[in-house]
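Asker: Here's a structure for you.
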Amino acid sequence: MTRFLIVFSLLTLTACSTPVPVKPKFPGVPQELVTSCPDLGMIDPNTTKLSDVVYVVADNYANYQECKIKVDGWLDWYKTQRSIYEGIK
Amino acid sequence: MFSFPIQWLIGFVPSWILHVAVVASVLGITASYLLKIIPWVRLYCIPLRIISIVLLLVFVWLEGSRANNDAWEKKIAEAEAKVKIAEEKSQQANEDLQNALKQKTKKIKEERVIIKEKIKRIETKINADCRVDPEAIAILNEAAGNKKGKKK
């Protein structure tokens, strides 16, 4: 009986374990990154001028460059935010 | 099941009251042994000991519960502080990234204007020597059509 009381009293001293109820907010994203890349421009099918073709091609190259900046931005955002939030643990 | 309301109630009780209660219980147990030598008190020694032991168990449990609660509150405060710092860093990183993106995009837009001006300048020259076949334009448009990637 005495032994049971000793063990029982020790059990009452054990504490419950619960996870820490703190959750970080999902990190925000720069406004520039949340717009999708534009479709490639089309050349007027009735034209025969090379300059019209070059205009559209140059425009498409510029669109690509802007889109590349966005993709690189997403990669940069992901790497930075990951390193910041891994630092919490 | 009862742990949360007890911890919540214990939160209002000052720590020193729990310490005094534990010491009083120990003193009660000691007294129950010492007072046996006084004949007219001897009768109350056993009830005093039982009550003191029960109180000691209860108050030691409450002390443990209080200490456990305090430890968790400390951990929560530390975690909240870390999260706050991380959120500030994240916001700063986003602002830096946004500025960098704005600068790069601005540069591309400026270059786009310069390129168009260059084409305009030599427009007559390049059109003079070359006539583009409509089939070539059709192929280029087909290549740029984005048929597979289109959502609509």
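Asker: I want the local charge near B:G11. Using Cβ-Cβ distances under 10 Å, sum +1 for each Lys or Arg and -1 for each Asp or Glu among the other residues. The partial results should precede the final answer.
Answerer: Numbers: positive: B:R66; negative: B:D70, B:E73.
Local charge sum for B:G11: -1.
Asker: Per-residue ellipticity at 222 nm for the protein assembly as shown, helices alone: DSSP H runs ≥ 4 residues times -39500 (n - 2.57), over residue total, nearest 500 deg cm²/dmol? Write out the running numbers ahead of the final one.
Answerer: On the way: 7 runs with 170 residues, N = 241.
When only DSSP H runs of four or more count, the value is -25000 deg cm²/dmol.
Asker: Now for a separate question. Starting from the 7 Å offset along Cα-to-Cβ, what nm value, one decimal, do you get for the label separation of B:Y33 and A:T48?
Answerer: It is 11.8 nm.
Asker: Give me the net charge for the shell around B:R66: Cβ to Cβ below 14 angstrom, other residues only, Lys and Arg +1, Asp and Glu -1.
Answerer: Working: positive: B:K74; negative: B:E63, B:D70, B:E73.
That works out to -2.
Asker: If you don't mind, there's one more thing I want to ask. So between B:K120 and B:I50, what do we pick up on full extension, going 0.36 nm a residue minus the alpha carbon distance?
Answerer: Numbers: separation 70, 0.36 × 70 = 25.20 nm, distance 10.32 nm.
Additional length available on full extension: 14.9 nm.
Asker: Anything over 32 Å Cα to Cα? Flag those among A:K79/B:K109; A:K49/B:K109; A:K70/B:K75; A:K25/B:K104; A:K68/B:K120, in the order listed.
Answerer: Details: A:K79/B:K109 27 Å; A:K49/B:K109 24 Å; A:K70/B:K75 39 Å; A:K25/B:K104 29 Å; A:K68/B:K120 26 Å.
In this structure, A:K70/B:K75 exceed 32 Å between Cα atoms.
Asker: A follow-up question, please. Between B:K106 and B:E142, what FRET efficiency follows from the Cβ-Cβ distance if R0 is 45 Å, with the result rounded to 0.05? Don't jump to the answer; show the numbers that get you there.
Answerer: On the way: r = 33 Å, r/R0 = 0.73.
Here the calculated transfer efficiency is 0.85.
Asker: Go from 0 up to the bin containing the longest alpha carbon distance in region B:3-104, width 5 Å each, and give me the % of pairs per bin.
Answerer: Going from the shortest bin to the longest, the percentages are 2, 11, 13, 11, 9, 9, 8, 6, 6, 5, 5, 4, 3, 3, 2, 2, 1, 1, 0, 0.
Asker: Cross-link candidates for B:K116: which aspartates and glutamates have Cα within less than 15 Å, leaving aside residues fewer than 8 places away along the same chain?
Answerer: Counting by Cα, and skipping residues close in sequence, B:K116 has these aspartates and glutamates nearby: A:D52, A:D59.
Asker: Could you give the longest part of chain B that holds none of the chymotrypsin sites (Phe, Trp or Tyr not before Pro) found in DSSP loops with at most 11 neighbouring Cβ atoms within 10 Å? It would help to have the intermediate numbers written out before the result.
Answerer: Values: sites that count: B:F2, B:F12, B:W40.
After excluding every exposed loop site, the longest remaining stretch is B:41-152.
Quick note: the coordinates plus some simple rules give every number you see, no bench work behind them. No experiment lies behind these values; they were computed from the predicted model shown. Here the Cβ is made from the backbone with ideal geometry for all residues, glycine too, and neighbour counts use every protein chain on show.
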